[in-house]
1. Let me confirm something: among Gly141, Gly168, Gly186, Gly150, which residue is surrounded by fewer than 20 Cβ atoms within 10 Å (Cβ to Cβ) and touching a Pro at 6+ places or on another chain (Cβ under 9 Å)?
2. Is it true that Ser92 is within 21 Å of Leu256 (Cβ to Cβ), surrounded by fewer than 23 Cβ atoms within 10 Å (Cβ to Cβ), at pLDDT below 95 and among the polar types (S, T, N, Q)?
3. Before we move on, is Arg138 closer than 22 Å to Tyr367 by Cβ and basic (Lys, Arg)?
4. Look at Gly168 and say whether it is in contact with a Phe, Trp or Tyr (Cβ under 8 Å, 6 or more places away or on another chain) and on the phi > 0 side of the Ramachandran plot.
5. Of the numbered conditions (1) farther than 30 Å from Ser203 by Cβ; (2) more than 21 Å from the chain's Cα centre (by Cα); (3) among the small types (Gly, Ala, Ser), Ala265 satisfies every one except a single condition; which is it?
6. I'd like the residue in the stretch 216-262 that is over 25 Å from Asp155 (Cβ atoms) and acidic (Asp, Glu) and, out of all such residues, is surrounded by the fewest Cβ atoms within 10 Å (Cβ to Cβ).
7. Among the residues of the stretch 298-321, how many are at positive phi and small (Gly, Ala, Ser)?
8. Return the residues of the stretch 347-369 that are modelled with pLDDT of 95 or more, of a type in the set (A, V, I, L, M) and in contact with a strand residue (DSSP E or B) (Cβ under 7 Å, 6 or more places away or on another chain); say none if nothing qualifies.
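The values are calculated or read from the model by the stated rules, or taken from the named source; none is laboratory data. Because the structure is predicted, anything quoted here is derived from the model rather than measured. Heads up, the Cβs are rebuilt from the backbone with ideal geometry, glycines too, and the neighbour counts pull from every protein chain shown.
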Amino acid sequence: MLYQLSYSRNVPSRVGKCNAEKITLQDSNITILFAVNFLTKTRVDHNTSETMVNRFSLKCFNTSFIALLLLLTVAPLSYAQQNAKYAGEFLSLGVGARSSAMGGSGVALSNDVTAGYFNPANLYRISYPQIAIFHESRFSGLFNYDYLAGALPIDEKQSAALSIIRFGYGEIKDTRNALIDRNGNGVIDEDDRVDPNRITIGSAADWAFIGSYSKAINEKFSVGGNVKLLHRAILDTSAWGFGIDIGASYQPIEDLSLGATLFDATKSLLAWETGHQEFIVPSLRLGVAYDLAIAEDHMIRPTIDGIYRFEGRNETTTLDAGIFSLDVAAGLEYSYKEKVFARGGISELQQLSLGAGVKLPKLNIDYSFTQENSDLENIGATHRVSLMLTLEEEKFIRK
């Protein structure tokens with residue numbers, strides 16, 4: 001691999017913990033030391049000695065939908081040594097405060113512009129053009145997560161969207177040229193030192209540009225797809241990548257929604273300027289959401305997503321079956337007149353999330369709170385506020 005990450009000390013395996021560790025980043029003959037607070041929680045996979053960022057049964061209801069799900073399931077099973085485990089982890093953080101407050105579930109739930117991220121097939125549900133934006137600061141500002149998206153109904157059956165995602169990793173102290181090596185052996189000896197005046201500050205960031213398309217096959221079934229352009233930069237080294245997502249949505253009855261998305265369907269490529277290539281392994285996400293009216297003007301909406309990965313995550317997942325792993329995200333939404341909302345959920349990382357929302361004329365405002373699983377001080381919780389503008393005017397309605 002282009003970069004090799006290793007701990008500076010042995011860390012016991014733990015689940016649901018967030019750690020700040022000293023990490024050595026090696027590229028050929030250079031070494032960078034910096035402290036990293038991982039995005040969500042850090043686990044140690046003893047089978048690979050590799051540090052990484054972690055992260056129903058459906059009855060027969062439609063022959064064509066089942067056939068599509070089987071097709072989506074088969075593709076990820078091609079697994080090769082060049083696959084880069086966790087390379088696409090920043091794309092698993094979800095978008096929008098509504099989904100975040102419901103544990104990150106969204107494959108069947110999403111019915112607005114955020115469907116371009118969760119399940120492009122659901123974009124057919126929008127009736128007006130929409131724009132969404134949010135900013136999220138993690139771990140007391142160490143990491144910054146930003147999202148901007150727009151969606152547009154094209155005609156009676158088609159919709160399109162464009163999403164931009166950025167995850168910034170903050171400042172990194174670059175010590176590659178700071179060593180005063182008295183004997184020239186390239187190793188820090190007792191008489192050597194690091195000159196603080198030679199330390200420079202760099203940064204790292206991941207970008208994703210996602211173009212989405214959706215088409216309704218009939219009133220119950222729709223399909224969609226994403227084309228993704230990826231960019232990753234670490235100090236003065238960068239990579240570009242390309243990927244494809246495939247989604248399907250089915251509503252067997254009015255209040256029940258089923259969804260499936262195959263992310264990185266053909267393996268997403270990351271090509272570094274050094275010539276090294278990495279592949280993001282496909283993952284399959286299946287979801288169900290149900291609208292249950294409990295009284296006039298009062299409704300609850302439970303939802304659950306199953307996240308299937310094919311990277312061999314071993315101890316770092318809820319259910320491990322060798323190369324196959326399964327995690328679950330679930331949430332519940334209460335609504336009053338579809339104007340005021342209260343939400344809660346459990347993420348695939350077993351993190352508790354809560355939130356609320358209000359729908360104003362043309363504007364949705366949503367908030368979510370996620371309690372990090374951490375025994376570190378001053379890490380803090382994650383707060384997300386998202387805004388969504390809907391151009392609810394007759395001239396913009398889907399024709």
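1. Answer to the selection: Gly150.
2. no
3. yes
4. When the stated conditions are applied, Gly168 does not pass them.
5. (2)
6. Asp236
7. Total meeting the criteria: 1.
8. Matches in the stretch 347-369: Leu354, Ala356, Val358, Leu363, Ile365.
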